[in-house]
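Just below is one structure, and these are the notes that go with it.
The values are calculated or read from the model by the stated rules, or taken from the named source; none is laboratory data. Please read all numbers here as calculations on a predicted model, not as lab measurements. When we count neighbours, we look across all protein chains shown, and the Cβ atoms used for this are built from the backbone with ideal geometry, even at glycine.
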Amino acid sequence: MSETHAAQHDPAIDVLKGLLIVLVILAHSGLGQGSWLGEHLLIRAPFAFMVLFGVTSSLWWQHRAAKDSHRGLSRRWYATRLPRLYPPFLLMIACWWALASYFDLERLLPGFGAPEVVASFAAYAPWLGTTWFVTVLLVYVLLFPALCAAANRISAPVLLVGAAFVTCS
């Protein structure tokens with residue numbers, strides 16, 4: 001680990017990410033279903049993870065913004081984020097389709113075919129349960145440099161009103 005990375009790295013964030021991942025796994029296991037734990041804690045874990053992802057992304061961007069142009073920073077952003085998210089997603093989708101075809105796709109998903117296969121590799125697969133979360137992360141990663149550019153050009157109140165509108169509509 002480089003000295004610069006060690007100086008900005010906060011192990012508490014890793015602990016929190018790990019805890020949130022465990023909570024997400026517990027939520028999907030059905031363990032807390034119908035209980036206070038499930039209804040008030042486990043159900044919020046993916047959203048808390050997204051907020052933490054946003055905070056750590058913003059810190060990453062701010063730390064490097066003074067040293068690099070927006071274009072250079074955007075390239076570094078994509079080069080460090082997409083390879084960590086997209087290839088494992090592609091592997092999971094490939095395994096899912098391989099298993100689905102082995103176990104009779106037509107019986108599992110009547111009417112599904114090539115368009116759904118292509119869409120799932122493009123990170124759109126709502127029929128695969130929790131893939132929505134990976135889709136949201138990938139969209140966030142793709143849009144983050146544009147959001148940072150907009151944040152630098154538009155006032156905070158305007159951004160907040162716009163975010164509230166998008167969220168509530």
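Observations
- GLY129 meets all of the listed conditions (1) among the small types (Gly, Ala, Ser); (2) loosely packed, with under 15 Cβ neighbours inside 10 Å; (3) at negative phi but one, namely (3).
- Among residues that are among the hydrophobic types (A, V, I, L, M, F, W, C) and in contact with a helix residue (DSSP H, G or I) (Cβ under 8 Å, 6 or more places away or on another chain), LEU73 is included.
- The set of residues in the range 23-49 being farther than 17 Å from PHE133 by Cα, loosely packed, with under 15 Cβ neighbours inside 10 Å and not acidic (Asp, Glu) consists of GLY30, LEU31, GLN33, GLY34, SER35, TRP36, HIS40.
- Residues considered: LEU143, LEU159. Of these, the only one that is in the same structural domain as MET92 (by TED's automatic domain parsing), under 19 Å from LEU52 (Cβ atoms) and surrounded by fewer than 16 Cβ atoms within 10 Å (Cβ to Cβ) is LEU143.
- All of LEU20, LEU52 fail the test of being modelled with pLDDT of 85 or more, among the aliphatic types (A, V, I, L, M) and surrounded by 15 or more Cβ atoms within 10 Å (Cβ to Cβ), apart from LEU20.
- Boolean, TYR124 is in contact (Cβ under 8 Å) with a residue 12 or more places away in the chain and within 21 Å of the chain's Cα centre (by Cα): no
- Residue ID - nearest to LEU137 (Cα to Cα), chosen from residues in the range 58-88 that are within 11 Å of the chain's Cα centre (by Cα) and surrounded by 14 or more Cβ atoms within 10 Å (Cβ to Cβ): LEU85
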